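Read the structure below first, then the notes.
Here, each number is a calculation from the coordinates, and none is a lab measurement. Being a predicted model, the structure only gives us computed values, none of them experimental. Here the Cβ positions follow ideal geometry from the backbone for every residue, glycine too, while neighbour counts run over all protein chains shown.
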Amino acid sequence: MYSTQIPLSEPVLEARGIGKKYNHNWVLREASLSLRPGQVLALLGENGAGKSTFVKVLSGAERADAGQVLIQGKVIPLGRPDIVKQAGFQIVYQELSVCLDMSVADNIMLGQECSGRFGILDRKLARQKVTEVLTKLGHEDLHPDRSVGALSVGQRQVVEIARALVNDAKVLVLDEPTSSLAREDVQRLFATARRLASMGLSIIYISHFLEEIRELCDSYLVLRDGQVAGQGKLQGTSESEIVKLMVGRSVNDLFPQVEHTPTDICLRVQNLSGSSLPRNISLSVRQGEILGVAGLIGAGRTEMLRVVAGLDTAHHGTIEMSGKMLNRSVASRIRSGLAMVSEDRKHEGLAQTMSIRDNMTLNFLTPYSRWGWLRRKKQSYAVERLMKQFQVKGNRMDQPVASLSGGNQQKVSIARAWHQNARCLLLDEPTRGVDVGTKAEIYRLIGKAAAEGRAVVFVSSYFRELLELCDRIAVMARGEIVDVRVASDWSEHELLMASMGAQQTASVSE
């Protein structure tokens with residue numbers, strides 16, 4: 001199925017001196033790579049480093065202003081995605097593009113249907129190709145006639161990969177493939193990638209998770225400010241060396257420790273239940289405390305935060321802030337000092353078409369209003385300080401937030417919660433999809449919030465950051481809290497076991 005006709009010593013993909021500019025700004029300069037059959041290359045860099053533009057140029061979606069791309073030694077015309085695809089270059093994007101109401105087989109063959117005589121679809125040949133590619137992927141259990149809408153996110157991703165590989169792919173790009181996957185689906189994806197590499201397929205793997213990179217990839221290439229900052233074999237290269245290449249400076253501590261001391265109880269939740277999730281939740285978090293919430297996808301962590309924030313209805317239980325019972329309205333909960341940063345910043349966390357200034361101040365306009373009029377000058381002054389404080393990289397405060405990188409959008413979202421003087425921050429996966437440098441900055445801000453006496457509830461699927469940053473960690477499984485301990489009493493293995501429901505002895509403590 002996978003052609004490896006060229007010698008293993010010869011590159012299957014080469015990019016030579018790629019340059020790309022928008023208006024007069026060069027976003028790529030002299031970017032080059034060489035990829036051999038069976039190689040799994042990690043493409044690394046901060047948000048805005050040029051990774052997406054580089055991949056778009058390689059795929060033909062963007063036309064480079066300098067350089068050339070070669071596949072199997074042949075120069076590919078720039079800006080011709082059809083020719084690039086025919087040559088065997090395929091991409092599986094972070095946002096899956098499957099049709100939920102169609103079958104597995106129809107999704108895999110979408111856009112590359114097999115036709116017989118008189119242009120009639122050859123379903124027998126199509127089914128044969130689908131069965132073959134699923135077998136090659138090690139997913140024979142995925143029935144071709146099954147509806148994609150009935151599949152898990154991990155299985156839908158397999159369908160997307162199968163679509164990319166059905167016509168003899170040579171190079172596969174996986175763009176942030178694990179951002180929405182449960183842990184067991186991540187391991188299955190890695191097994192699939194290793195299987196493909198062993199068959200001679202070359203893989204470019206884009207991820208912000210250095211642990212994943214270390215587990216799957218054999219080599220790396222780091223982009224910084226549109227240029228190749230470094231490349232080489234992962235074996236023998238430390239995490240700190242890679243981070244230094246990415247951010248251009250030494251990051252001695254990815255998890256900065258900010259001194260903070262928990263005091264009185266700020267938020268108390270008792271016997272809280274939603275429409276389906278969560279179920280009978282009880283917890284408390286103190287002023288100056290960081291409470292981590294671990295669990296697998298579907299455990300009910302996001303649903304719990306939404307009910308506490310008032311975004312979803314509580315069907316049972318009580319929520320108190322500093323001993324005062326909260327009513328149902330979102331507005332009153334904001335006034336009481338609750339602020340939530342959603343994991344879905346694109347659709348829910350930010351107003352994408354509005355400016356940085358309006359997004360940052362949206363929840364708290366009182367300081368800038370007078371007799372019903374908005375005092376723009378005073379608002380702009382406050383936003384200017386916030387942008388400096390949170391290191392938001394934007395051309396101007398009036399630009400749409402949608403034009404920012406993912407990491408800068410996340411900073412705007414956190415800055416808004418900060419701006420409203422919230423006494424309790426509900427952070428749902430605040431570091432998802434952001435680069436290492438931005439993660440370190442978000443960690444510092446979380447520590448600073450606790451140092452200022454704010455209570456922080458920190459939901460994350462990345463167990464290491466919970467262990468490094470939190471004072472206590474609660475674990476959720478099947479909509480319930482199954483255990484709460486001081487962070488130092490947990491290990492990653494124990495967190496995983498508890499998240500899978502292996503422990504059912506709750507020891508909720510204040």
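Brief remarks follow.
- Cβ-based net charge around ARG195, under 12 Å, with every Lys or Arg adding one and every Asp or Glu removing one: +3
- Alpha-carbon Rg with Dmax, taken over segment 186-307, Å: 21.0, 59
- Near ALA422: Cβ cut-off under 12 Å, other residues only, Lys/Arg at +1 and Asp/Glu at -1. The net charge is +4.
- Among beta bridges that DSSP assigns inside the chain, antiparallel share in %, nearest 5: 55
- Partner aspartates and glutamates whose Cα lies under 12 Å from the Cα of LYS85, excluding those fewer than 8 positions away in the same chain, are identified as ASP168.
- Unsatisfied cross-links (Cα-Cα over 21 Å) in the set LYS51/LYS439; LYS51/LYS233; LYS346/LYS439; LYS324/LYS411: LYS324/LYS411
- Shape class for segment 252-298: oblate, because the ratio a/c of the largest to smallest gyration tensor axis (alpha-carbon atoms, square roots of eigenvalues) is 1.5 or more and b/c is at least a/b.
- Convex hull of Cα atoms in segment 13-247, direction-averaged projection (nm²): 13.6
- Partners of LYS378 within straight-line reach, counting lysines whose Cα lies under 17 Å from its Cα and excluding those fewer than 8 residues away in the same chain: LYS388.
- Filtered GluC sites (Glu not before Pro), segment 1-109: DSSP coil and at most 13 other beta carbons within 10 Å: GLU95
- Ranked by how many other Cβ atoms sit within 10 Å of their own Cβ, fewest first, the residues VAL75, VAL392, VAL308 fall in the order VAL75, VAL392, VAL308.
- Gyration tensor (alpha-carbon) shape descriptor, segment 332-424, a/c threshold 1.5: oblate
- Neighbour-count order for SER329, SER32, SER499, SER342, fewest beta carbons within 10 angstrom listed first: SER329, SER32, SER342, SER499
- Linear extension gain, GLU30 paired with SER238, 0.36 nm per residue minus alpha-carbon span: 72.3 nm
- Sorting HIS24, HIS260 by the number of Cβ atoms found within 10 Å of their own Cβ, with the fewest placed first, yields HIS24, HIS260.
- Legend: calculated FRET efficiency, THR353 to ARG214, from the Cβ-Cβ distance at R0 = 35 Å, rounded to 0.05, equals 0.35.
- A DSSP coil position with no more than 14 other Cβ atoms inside 10 Å describes the following trypsin sites (Lys or Arg not before Pro) in segment 285-373: ARG328.
- Cα gyration tensor, segment 374-436 - rounded (a/c under 1.5), prolate or oblate: oblate
- Label-reachable residues, segment 271-296, where backbone N falls under 16 Å from a point 7 Å from ARG328's Cα toward its Cβ: 273-276
- All other residues whose Cβ lies under 12 angstrom from that of SER491 are scored, Lys and Arg at +1 and Asp and Glu at -1, for a net of -1.
- Among the GluC sites (Glu not before Pro) found in segment 109-176, those both in a DSSP coil and sparsely packed, with 15 or fewer other Cβ atoms within 10 Å of their Cβ, are GLU113, GLU140.
- Extension gain for LEU96 to LYS74 (0.36 nm times residue separation, less C-alpha to C-alpha distance): 4.9 nm.
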